[in-house]
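Participant: Handing you this structure, nothing more for now.
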Amino acid sequence: MQVTYKYIVIEDNPIDRKILNECLQKLPHLKLIDTFQNPIDAIQTIHSNTVDIIFMDIEMPEMSGLGLLNSLEKIPIVILISNHIQYAMEAFEMGVTDYIQKPFTFERLLKAISRGIELLNLQNRSIQELTAPKDNFIFLKAGRELLKFNLNDILYIEALASFTKIFTEDKISVISESISDLHAKLPPNSFLRVHKSYLVPFSKIIGISTKNVILENHKIPLGLSYRERIEKVLAGNESIRE
């Protein structure tokens, strides 16, 4: 299965925008989210979508490309395409991936894209390695932060739409992934799904009642469709991980 990378184009010149879009549309591993004539219009999309690569001019009305980068907390993979080479040093100091001078060739664009994808894949591998469970702790994304959780400190986990809430003794943390995805990351046989909206540490279960899973200081709703399997797990007749 081919991986696709989502991108946006920010370019105020309609001819340059058309040329760039025609080049990018030839590449099946790239998926266009939207095009914009100025950075201000693109800000909401950058914050609300997973944008892998930004292709952008520098000198544009209302806000420059460098001005947009200055406004972002985290710089994504950015490929700048401009007539003005004098901005290159400043751009690279800000963390852009590549800087292409107009007019550009398709080969030069491909080189920049390859460099951007290589860097993006390296970043993703680093996050995956960091978020893999190690001994008794795990790192999980909470918005733009990466937080460390000691698995023994987790009281229970609750679904919150496409996010999850992790409850410990001293705080509640909102994690940027679904309860099913989070469950798959946790060490096998450590957490038990007891309801469509709840995960509990197997070691903290004291017992079950008609409607609840009983922990030391908490009662967690027990899903009707989960009860039979949970009884088998507690009796040792079935493994914890589905």
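Participant: Suppose only helical runs count, i.e. DSSP H with n ≥ 4. What mean residue ellipticity at 222 nm does that imply for the chain under -39500 (n - 2.57) per run, divided by all residues and rounded to the nearest 500 deg cm²/dmol?
Facilitator: Here the helix-only value at 222 nm equals -10000 deg cm²/dmol.
Participant: Follow-up. Suppose R0 equals 51 Å; then what is the FRET efficiency for Leu234 and Leu27 from their Cβ-Cβ distance, rounded to the nearest 0.05?
Facilitator: The computed FRET efficiency comes out at 0.45.
Participant: Could you grab the relative contact order for segment 174-242? Cα pairs under 8 Å, six or more apart, rounded to a whole percent.
Facilitator: 27 percent
Participant: For the chain, count the residues as N, evaluate 2.2 N^0.38 Å, and divide the Cα radius of gyration by that value, please.
Facilitator: In units of the globular-protein estimate, the chain measures up at 1.34.
Participant: Given the whole protein assembly as supplied and a 1.4 Å probe, what does the accessible area of Ser162 come to in Å², nearest 10?
Facilitator: For Ser162, solvent-accessible area is about 70 Å².
Participant: Ok, one more. Can you give the extra length, in nm with one decimal, that the chain gains between Lys171 and Ser209 once fully stretched, where that is 0.36 nm per residue apart less the Cα-Cα distance?
Facilitator: 11.0 nm
Participant: How far is helix 39-48 tilted off the main Cα axis of the chain, in degrees rounded to 10, range 0 to 90?
Facilitator: Tilt of helix 39-48: around 20 degrees.
Participant: Ignoring ligands, DNA and RNA, how do Leu234, Leu192 rank by accessible area with a 1.4 Å probe, largest first?
Facilitator: Leu234, Leu192
Participant: How much of the DSSP beta bridge set in the chain is antiparallel, as a percent to the nearest 5?
Facilitator: Of all bridge pairs located within the chain, approximately 60 percent are antiparallel.
Participant: Between their Cα atoms, which of Lys26/Lys185; Lys74/Lys196; Lys6/Lys102 are more than 28 Å away from each other?
Facilitator: Lys26/Lys185; Lys74/Lys196
Participant: Determine ³J(HN,Hα), in whole Hz, for all residues of segment 103-118 in sequence, where each value follows from phi through the Karplus function 6.51 cos²θ - 1.76 cosθ + 1.60 and θ = phi - 60°; x replaces Gly and Pro.
Facilitator: After applying 6.51 cos²θ - 1.76 cosθ + 1.60, I find x, 10, 9, 4, 5, 5, 5, 4, 4, 5, 5, 4, 5, x, 5, 4 Hz.
Participant: What's the FRET efficiency of Asp181 with Gln86 using the Cβ-Cβ distance as r and R₀ = 51 Å, to the nearest 0.05?
Facilitator: According to the calculation, E is roughly 0.65.
Participant: If you take the C-alpha gyration tensor of segment 1-122, multiply each eigenvalue by 5 and take the square root, what semi-axes do you get, largest first, in whole Å?
Facilitator: So the three semi-axes of segment 1-122 are 19, 16, 15 Å.
The values are calculated or read from the model by the stated rules, or taken from the named source; none is laboratory data. In this text, all values refer to a predicted model and were calculated from it rather than measured experimentally. All Cβ positions, even for glycine, are placed from backbone atoms using ideal geometry, and neighbour counts span all protein chains on display. Only protein heavy atoms, including side chains, enter the accessible area calculation; ligands, DNA and RNA are left aside. Shrake-Rupley method; radii C 1.70, N 1.55, O 1.52, S 1.80 Å.
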